[in-house]
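Step one of this worksheet: look at the structure below.
The values are calculated or read from the model by the stated rules, or taken from the named source; none is laboratory data. The structure displayed is predicted, hence computed values, not measured ones. Methodologically, a virtual Cβ is constructed for each residue, glycine included, from the backbone with ideal geometry; neighbour enumeration extends over all protein chains shown. Remember, those area values only see protein heavy atoms, side chains included, never the ligands or the DNA or RNA. Shrake-Rupley method; radii C 1.70, N 1.55, O 1.52, S 1.80 Å.
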Amino acid sequence: MASATKTFAPVVTLADIRAAAARIGDKVVRTPTLHSQTLSKLTGAEVYLKFENLQFTAAYKERGALNKLLLLGDPVKDTGVIAASAGNHAQGLAYHGARLGVPVTIVMPVTTPTTKVMQTQGHGATVVMFGETFDAAYAHARELEIERGLTFVHPFDDPDIIAGQGTIALEMLADAPNIDMLAIPIGGGGLLSGVGTAAKALKPGLKVIGVQAELYPAMYALLNDLEMPSEGDTLAEGIAVKYPGTMTREIVRAIADDIVLVAERHLEKAVALLLEIEKTVVEGAGAAGLAALLAHPEQFQGRTVGIVLCGGNIDTRLLANVLLRDLARSGRLARLRIRLQDRPGALFNVARIFDEQAVNIIEIYHQRVFTTLPAKGLITDIECETRDRAHLDRLIVALRDGGGYEVSLVELA
């Protein structure tokens, strides 16, 4: 990847970001930057968390949206603005547009979850549902921009948006001036462009590491001259961007010291850890910085790392699924597949071993028909709760050695 020493004419400067901070003032939450003792011990780095999930709309996108709205002239404010978004940009723009009396139209793909549509409408925006993908919604928004004489507000490829996002770095380094590395999620690149620009100007020796989901490595591939697909169902839908901005790609090329990729299991683990340890809810994109520390510990150990928890808008059912999967990976929740003989007392004898090992049984599934076993054999799946992986291992040993059962653990991918 190109280094940060490349000659580059800045599109956004520290002065622009400071002006944005003064402009948006107390109309956004000055979120805390706090040291996490537990995550620091876990990762080997000194970890500071910037809680942008505490914004009113639960995401940092308010900063750039508000800065852009405040810079519009009166005729534009009267006519209104339009954007294409299925998430946090829509809500940030809708909320502050309503507050300032600026009409806001948001074009969303028809696949957008109903909760996000309702939240955006609840902030006063007019929502237009169009297309199966974000690209289709984006193209329709640009058509409506011309037809209705509206002003398009890009979610990331706009200097006013970038300057607004950069105000995060001013607050972080004021609260934790010892930070010497930042782990910043990258989708379109607006967040890293703003935060990285301010951080490098305030502290030139500071390292900026971008983080992308493995399924959507668009910026990573672009800056490393690679052909990599960007597709799939990622937990980090907030950074699932196929095409980085033309402006942001050059800023990221100039200021990012590296970009790392994180797998879905690391994103899931990070979401679960932040809820369990910090008692804070983040979406997949918001957990990407911590996921990078889990996936690439050698790059961060011994450093003082700032992580932006950039959003907290995650579906509750999805969050529950993530937490249950984390319990399964840690051995605290398990499904054991046990081969039994179809005779009275067979299940009782198995349950007795669970009792002896102090393991709680949650569900039992008997399978007699759809199995390759002989007619007198059966498969029993038992879901259970244990204290940890060692406790689970002791149960499996007791079933195999003490009970003579054929046991296998149903693993997660």
Discussion item. Using 0.36 nm times the number of residues separating L42 and L71, minus their current alpha carbon distance, what extension gain do you get?
Written reply: 6.1 nm
Worksheet item: Between D225 and D180, what FRET efficiency follows from the Cβ-Cβ distance if R0 is 41 Å, with the result rounded to 0.05?
Response: 0.90
Worksheet item: Among L170, L226, L182, which one shows the biggest mean-square fluctuation in a GNM of the chain, springs joining Cα atoms closer than 10 Å?
Response: L226
Worksheet item: Most fluctuating residue of I184, I162, I338 in a GNM of the chain with Cα springs under 10 Å: which is it?
Response: I338
Response to the item:
With label points set 7 Å from each Cα along the Cα-to-Cβ direction at E276 and F152, the distance between them in nm comes to 4.4 nm
Worksheet entry | Gained length - D135 relative to D26, 0.36 nm times residue gap less alpha-carbon distance | 35.8 nm
Fill in: Of A136, V76, L293, farthest towards positive along the dipole that unit charges on Lys, Arg, Asp, Glu beta carbons give the chain
L293
Worksheet entry | Within the accessible area of the chain (1.4 Å probe), percent carbon and sulfur | 53 percent
Response to the item:
If R0 = 41 Å, then L323 and L202, at their Cβ-Cβ distance, give a FRET efficiency to the nearest 0.05 of 0.65
Discussion item. Please compute the length gained on full extension between A358 and S330, using 0.36 nm multiplied by the number of residues separating them and subtracting their Cα-Cα distance.
Written reply: 8.3 nm
Worksheet item: Build a GNM of the chain with springs between Cα atoms under 10 Å: which of A45, A287, A320 gets the top mean-square fluctuation?
Response: A320
Discussion item. Using a 7 Å offset from Cα along Cα-Cβ at D393, what residues in segment 348-365 end up with backbone N under 18 Å from the label point?
Written reply: 357-359
Worksheet entry | Residue-averaged [θ]222 nm for the chain, counting only DSSP H segments that reach four residues, each worth -39500 (n - 2.57) | -13000 deg cm²/dmol
Worksheet item: Roughly how many nanometres apart are two label points built 7 Å out from the Cα toward the Cβ at E385 and R400?
Response: 2.7 nm
Worksheet, complete the sentence: Excluding residues fewer than 8 positions from K279 in its own chain, the lysines with Cα under 25 Å of it are K41, K50, K61, K116, K269
Worksheet, complete the sentence: Between (1) 40, 22, 22; (2) 32, 28, 21; (3) 46, 25, 18, the structure-derived semi-axes √(5λ) of the Cα gyration tensor in Å is (3)
Fill in: Within straight-line cross-link reach of K203, aspartates and glutamates at Cα separation under 13 Å, skipping those fewer than 8 residues along the same chain
D180
